[in-house]
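To start, the structure under review is shown below, and the notes come after it.
The values are calculated or read from the model by the stated rules, or taken from the named source; none is laboratory data. Every value quoted in this text rests on a predicted model; they were computed, and no experiment measured them. All Cβ positions, even for glycine, are placed from backbone atoms using ideal geometry, and neighbour counts span all protein chains on display. Areas reflect the complete protein model, heavy atoms only, side chains present, ligands, DNA and RNA absent. Shrake-Rupley method; radii C 1.70, N 1.55, O 1.52, S 1.80 Å.
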Amino acid sequence: MTDDPGTDRRPTGRILLSSTAAPLAVAAAGALVLRSWHAQLPDPIATHWNLDGTADGFAGLPATIALLLGFGVLFAALGFGLTRAADTDPALTRAVAATVTGTVAFVTALIVLVTGSQRGLADAAAASPPGASLLAALGIGVALGAVAAAAVPRWSRGPASPPAADAPRIPLGADELVAWTRSVATGNVTTIVLVAAIGIVAALGVLTRLWILLGLAVLLAVLVALTCSIRVTVDVRGVTVAGLFGWPHLHTPLGAIASASVTDVAPLKHFGGYGYRVAVLGPLRGARGFVLRGGPALVLHRRDGARTLVVVDDAATAAGLVNALVETGPRHPQ
């Protein structure tokens, strides 16, 4: 499906279909498949394997079906609640639909594939470990998550208001060209916690010989290095936020900005953590942006009704320059 930029109202039906009905349907379909195999499966079936590839966990088929259905109901309820909380943000709604549907699809596919491989066995202890099934289930989860996200169209959140009379402003001359830039990095405590977590994951990977954990540690280290420091720039082109090595990169053109303001951000309270975040509750609900630490944040009120922000020192100056540029109109370097 494609986006429908002309939608003026929140498409509640399609949101419920993607975030609530879809995970329920996927779990139910998996349960029906498992039930149809009842006569072909050993009792109990294998559900867990140790590091040597030997089955060491077993469960009855009814309990497995009940677990699968319960998982689907839990994530459908989670999807319903989170999409209600994100009622003003199409991007966040899509992310929720993709996450809940993709997660249920992954778990359902994994259980179905692992169980299906045991058809015809007299004893589940002879079942093979689920290496290939894990990769296949992951692919199915990603694919169905993407479909669920694509099923949610965009909708209008209403135009943003121009800068208020008391909004911060910086006086600009008619031919004056200005720019503002600051860098911001994660706090020391956050950095220590992240590095420690990466070290623990890497150590577990080496000690248990689960090389996927070591690979995960490397991936986390790369992501931390890319996002531990960003630079914020305000100029005649708009507002640009870029990582230490140029990625991540977020640019908001001046023409897309209605106004700018400043707010104080408490990362855990408002965003539930650090990094590129989306607020799902509280006064900043629906706002998204870079939260590397707590403190003052530059908030951009887009003309389409969305809000993006970045926590950065001297946010008031940045907001004042943005409002001045918005009111005086585009300027081009000579």
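Where the accessible area of the chain is counted over protein heavy atoms with a 1.4 Å probe, how much of it, in %, is carbon and sulfur? The C+S portion of the solvent-accessible surface of the chain is 66 percent. Using all C-alpha to C-alpha distances in the range 248-334, build P(r) with 5 Å bins and read off the rounded percent in each one. It works out to 3, 15, 26, 24, 18, 9, 4, 1, 1, in whole percents.
Note on the chain: dipole from Cβ charges, positive end direction compared against 217, 203, 115; the farthest Cα belongs to 115.
Per residue, the chain exposes 51 Å² of accessible surface when a 1.4 Å probe is rolled over the protein heavy atoms with every protein chain present. When exposed loop sites are taken as trypsin sites (Lys or Arg not before Pro) in a DSSP loop with at most 11 other Cβ atoms within 10 Å, the longest stretch of the chain clear of them is 10-208. Over the C-alpha trace of the range 67-140, radius of gyration and Dmax come out as 16.0, 54 angstrom. Here the chain yields Rg over Rh of 1.08, to two decimals, using C-alpha coordinates and the Kirkwood radius. To the nearest ten degrees, helix 188-208 and the longest principal axis of the Cα atoms of the chain are 20 degrees apart. Once the Cα atoms of helix 61-85 and of the chain are each reduced to a long axis, what angle between those two axes, in degrees from 0 to 90 to the nearest 10, is obtained? So the inclination is approximately 10 degrees.
Any idea what angle helix 315-328 forms with the longest principal axis of the chain, computed on alpha-carbon atoms, 0 to 90 degrees, nearest 10? With both axes taken from Cα atoms, the answer is about 70 degrees. Binning all Cα-Cα separations of the range 1-148 at 10 Å, short to long from zero, yields these whole-percent fractions: 12, 36, 28, 15, 7, 1. Ranking 51, 41 from most to least accessible surface, computed with a 1.4 Å probe over the protein chains only, gives 51, 41.
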